[in-house]
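Here the structure comes first, spelled out in structure tokens, and everything after it is commentary.
The values are calculated or read from the model by the stated rules, or taken from the named source; none is laboratory data. Predicted, not measured: the structure shown is a model, and the values here were computed from it. Every residue, glycine among them, receives a Cβ derived from its backbone with ideal geometry; neighbour counts consider all protein chains shown. For the accessible areas, the whole protein counts, side chains as well, though only heavy atoms, and no ligand, DNA or RNA atoms are used. Shrake-Rupley method; radii C 1.70, N 1.55, O 1.52, S 1.80 Å.
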Amino acid sequence: SQKIEQNSEALNIQEGKTATLTCNYTNYSPAYLQWYRQDPGRGPVFLLLIRENEKEKRKERLKVTFDTTLKQSLFHITASQPADSATYLCALGDYKLSFGAGTTVTVRA
Amino acid sequence: DVKVTQSSRYLVKRTGEKVFLECVQDMDHENMFWYRQDPGLGLRLIYFSYDVKMKEKGDIPEGYSVSREKKERFSLILESASTNQTSMYLCASREQGALYGYTFGSGTRLTVV
């Protein structure tokens, strides 16, 4: 069956450092992969979409890579700030998305 | 600012009640989705709709139905609420096409007692 796995451990990092989150998937051949941010008690917010033929995509301090051979996406938050503290979800699919369980990031001042 | 509005933030219902969760979007999006989110399980797709009056089952449709009579509104119905349907329910919409992200509502936290 299809499976999406994200870092099971929460990530605690110092302000200014780079946070790196992992999304691994099995039994998928997605053409697109998306990343979302979710704050406690709120709905997820779309951040980035990367296509299978794009190796890397950037948006401000965010960088996403997509390796279809490894079946893995990496999500980087550079120069992290306390305001980046949230849960980050990866999602796969085309007309309907399947989501990972998320990785919670806490950035310490 | 584009919006997906869910009618209630918190709901408490009794076992066996029929429950309606309403979702309205103001973006003229064709696609709408209902997910539930539970700790450790992530978001699971209940139902989705490509367009008005169209609906398809997601991964966990049992115990739920949906209605989409107008493009902007997508309702989730719990036919006979049970305690295992206690969850956070999230509605989302999207333009037609896989290149677009979802816009989610703020969620409805439903407790069935």
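Summary table below
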{"item": "Members of the range A:58-97 found to be within 14 Å of chain B (Cβ to nearest Cβ) and open to solvent by less than 50 Å² (accessible area, probe 1.4 Å), listed by number", "result": "A:LEU62, A:VAL64, A:ALA86, A:THR87, A:TYR88, A:LEU89, A:CYS90, A:ALA91, A:LEU92, A:GLY93, A:LEU97"}
{"item": "Residue match in the range A:98-107 (condition: part of a loop (DSSP other than H, G, I, E, B), among the polar types (S, T, N, Q) and away from chain B (no Cβ under 14 Å))", "result": "no"}
{"item": "Of all residues making up the range A:30-44, the number that are open to solvent by 80 Å² or more (accessible area, probe 1.4 Å) and either among the aliphatic types (A, V, I, L, M) or more than 7 Å from chain B (Cβ to nearest Cβ) (or both)", "result": "1"}
{"item": "Yes/no for B:GLU30 being open to solvent by 10 Å² or more (accessible area, probe 1.4 Å) and either touching a Gly at 6+ places or on another chain (Cβ under 6 Å) or within 12 Å of chain A (Cβ to nearest Cβ) (or both)", "result": "yes"}
{"item": "Entirely in the range B:9-113, the strands (runs of 3 or more DSSP E) that have 3 or more residues that are closer than 15 Å to A:SER98 by Cα", "result": "B:31-38, B:42-49, B:87-94"}
{"item": "Of all residues in the range B:90-113 being more than 8 Å from chain A (Cβ to nearest Cβ), under 16 Å from the mean Cα position of the chain (by Cα) and polar (S, T, N, Q), the one that is nearest to A:LEU92 (Cα to Cα)", "result": "B:SER93"}
{"item": "Every pair of residues 6+ apart whose Cβ atoms lie under 7 Å, when the first sits in the range A:29-45 and is free of Cβ contacts under 8 Å to residues at least 24 places away in the same chain and of a type outside the set (D, E, K, R) while the second is in a strand (DSSP E or B) and open to solvent by less than 10 Å² (accessible area, probe 1.4 Å)", "result": "A:GLY43/B:LEU90; A:VAL45/A:TYR36"}
